[in-house]
1. Counting pairs of alpha carbon atoms under 8 Å apart in space and at least six apart in sequence, what relative contact order in percent does the chain give?
2. For region 18-80, what's the relative contact order in percent, using C-alpha pairs closer than 8 Å and at least 6 residues apart?
3. Using a Gaussian network model of the chain with C-alpha springs under 10 Å, which one of E76, E174, E155 is most mobile by mean-square fluctuation?
4. Run the accessible area of the chain with a 1.4 Å probe and give the carbon-and-sulfur part as a rounded percent.
5. Under a crude label model (7 Å from the Cα following the beta-carbon direction), how far is R81 from E174 in nanometres?
6. For the chain, what proportion of DSSP beta bridges, expressed in % and rounded to the nearest 5, is antiparallel?
7. From the phi of every residue in region 21-27, what ³J(HN,Hα) in whole Hz does the Karplus formula 6.51 cos²θ - 1.76 cosθ + 1.60 yield, where θ is phi - 60° and glycine or proline is x?
8. Go ahead and estimate [θ] at 222 nm for the chain from helices alone: -39,500 (n - 2.57) per DSSP H run with n ≥ 4, summed, over the residue count, rounded to 500.
Amino acid sequence: KLVAKPSTTRFPATLSGPSSPPPASKSLNDRVAVLRADITTLAVDAIVNAANRSLLGGGGVDGAIHRAAGPQLVQECRTLRGCETGSSKITSAYRLPCKKVIHTVGPVYDMLDPEKSERLLEGCYKSSLQLAVENGCRTIAFSGISTGVYGYPSEEAAPIAIATVRKFLEEDKEEKIKLVVFVTFEQKDVDAYNTYLPMFFPSV
Ligand code: AR6
């Protein structure tokens, strides 16, 4: 039986190095939050959907977003002709209280090549944040990308998500992104974010 290699990288390659915790910063800390909620209820500028490459809907959070947005969402998604794994596309939000939906395609977790999964997951967060900035979205809420049916262990996905967001916010000198919310739904994700958030956003 194949056994997943345990993750030893506490600070992923997206930050300066495995042994250097990032410096504390109040202005960065003020721009991140964790919230246990149904993402379809949030009136932020953009919510990020954990979609698949077809962008035509599915189960999990994708299904919930499409149900809440109404049938016009899939109509617009059809015009996009899919999306690569690790990339993102943006649509209107229709009946949702947010303004835009960013559809990102997370990797199916590959326990034989966790570095590849990490690169792709990092691409999801980075491309979503880039799209948000390009579309004037200043507040953005992420669902747990790949941590459901795509099988990415929450305790491995959380540090990648958080490190990628931290790096993006550090480089966003004009503070075009005001707030990033990590939305959790299940206890395992709550636990993972509570473990890793203080490491990447240490209190000042
Ligand atoms: N609000 C917030 N988070 C939710 C909600 C919700 N309403 N529902 C589920 N989650 P998943 P994936 C969390 O499986 O692993 C779809 O069929 C859930 O607890 O939705 O990226 C797509 O079409 C988990 O942490 O997405 C793809 O085919 C997180 O959302 C495939 O699943 C993601 O779980 C994508 O799989």
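The values are calculated or read from the model by the stated rules, or taken from the named source; none is laboratory data. Quick caveat, the model's predicted, so the values are computed rather than measured. A quick note on method: Cβ atoms are made from the backbone with ideal geometry, for glycine too, and the neighbour counts reach across all protein chains shown. Side chains included, ligands, DNA and RNA excluded: accessible areas come from the protein's heavy atoms. Shrake-Rupley method; radii C 1.70, N 1.55, O 1.52, S 1.80 Å.
1. Answer for the chain is 30 percent.
2. 24 percent
3. Largest GNM mean-square fluctuation: E174.
4. C and S atoms contribute 53 percent here.
5. Reported label-point gap for R81 and E174 is 3.1 nm.
6. Of all bridge pairs located within the chain, approximately 20 percent are antiparallel.
7. Per residue, the Karplus-derived 3J(HN,Hα) values read x, x, x, 6, 8, 5, 5 Hz.
8. -11500 deg cm²/dmol
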